[in-house]
Amino acid sequence: MAHIAIIGATGRAGSQLLEEALRRGHTVTAIARHASDKLAGRQGVSAVDLDVLDAKALTSALTGHDAVFSAAHFATVPPGAVIGPVKQAGVPRLLVVGGAGSLLVPGGAKVIDTPDFPEAYKAEASAGGKFLDALRAEPVLDWTFLSPSAEFVEGERTGQFRLGQDDLLVSAEGRSWITFADFAIALLDELEQPKHPRERFTVGY
């Protein structure tokens, strides 16, 4: 059993990470601007209300944990706002809810650079790629960045999915997708049985 902190614990990805962690018997510090509004009283959960951009408060909240999961939005939370406090707090592992934009398609182009990539998602996807670059430049930090498939959606927890490395996963039906619940399984599996230290990997059906 690990003591983990989840940044962005009330969002769609973060809330599924929280549920999966509790299901496996871990204790969770749930960090969000209004975490206590949604999570006060949950057994196994300590809700901490703070602005993730407050480095001093975040460092204090992260101290003493075995691992940190970050499900923060890349466009509003730059890499240093997470990486710095994790290092300052002395937390040994950082696991990041990544994006699909930096994955590769046949021919070697990034998903974000394909003609059909939605303009509305480009800012977040570009920031996600920069976050991954920042992690890859870290000389010591033990990090893992899990990219979802192109569609990251609500849906059932099946436990049936495929893992990949840097290439976008596409199903036999031509769809690239993963539910938040199954994504959470893959990232908690990585916490418990690390297979991608200092690497990005991806999950899809």
Problem set entry | 26 Å Cα cut-off, lysine pairs counted over the chain (separation 8 or more, or different chains) | 10
For this session: Mind putting together the pair-distance distribution for the chain? All Cα pairs, 5 Å bins, whole percent per bin, short to long.
Result: 1, 8, 17, 21, 22, 16, 10, 4, 2, 0, 0
For this session: Under a 10 Å cutoff between Cα atoms, tell me which one of G107, G41, G98 has the largest fluctuation in the Gaussian network model of the chain.
Result: G107
Exercise. Cβ under 12 Å from D142's Cβ, D142 left aside: what net charge do those residues give with Lys, Arg +1 and Asp, Glu -1?
Worked result: -1
Exercise. What's the carbon and sulfur percent of the chain's accessible surface, probe 1.4 angstrom, rounded to a whole number?
Worked result: 51 percent
Exercise. Mean residue ellipticity at 222 nm from the helices of the chain, using -39,500 (n - 2.57) per DSSP H segment of n ≥ 4 over the full residue count, to the nearest 500 deg cm²/dmol?
Worked result: -9500 deg cm²/dmol
Problem set entry | Stretchable slack from E119 to M1, in nm (0.36 nm times residue separation minus alpha-carbon distance) | 38.3 nm
Seminar exercise, completed: Counting Lys and Arg as +1 and Asp and Glu as -1 over every other residue whose Cβ sits under 13 Å from the Cβ of V77, the net charge comes to -1
Exercise. In what sequence, highest mean first, do 14-20, 186-192, 157-163 appear when ranked by Cβ atoms within 10 angstrom?
Worked result: 14-20, 186-192, 157-163
Exercise. Which FRET efficiency value, to the nearest 0.05, is calculated for R157 and R33 with the Förster distance at 30 angstrom and r the Cβ-Cβ distance?
Worked result: 0.65
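The values are calculated or read from the model by the stated rules, or taken from the named source; none is laboratory data. Bear in mind that the values here come from a model prediction, so they are computed numbers and not experimental data. All Cβ positions, glycine included, derive from the backbone under ideal geometry; neighbour counts span all protein chains shown. Side chains are part of the model used for accessible areas, which takes the heavy atoms of the whole protein and leaves out ligands, DNA and RNA. Shrake-Rupley method; radii C 1.70, N 1.55, O 1.52, S 1.80 Å.
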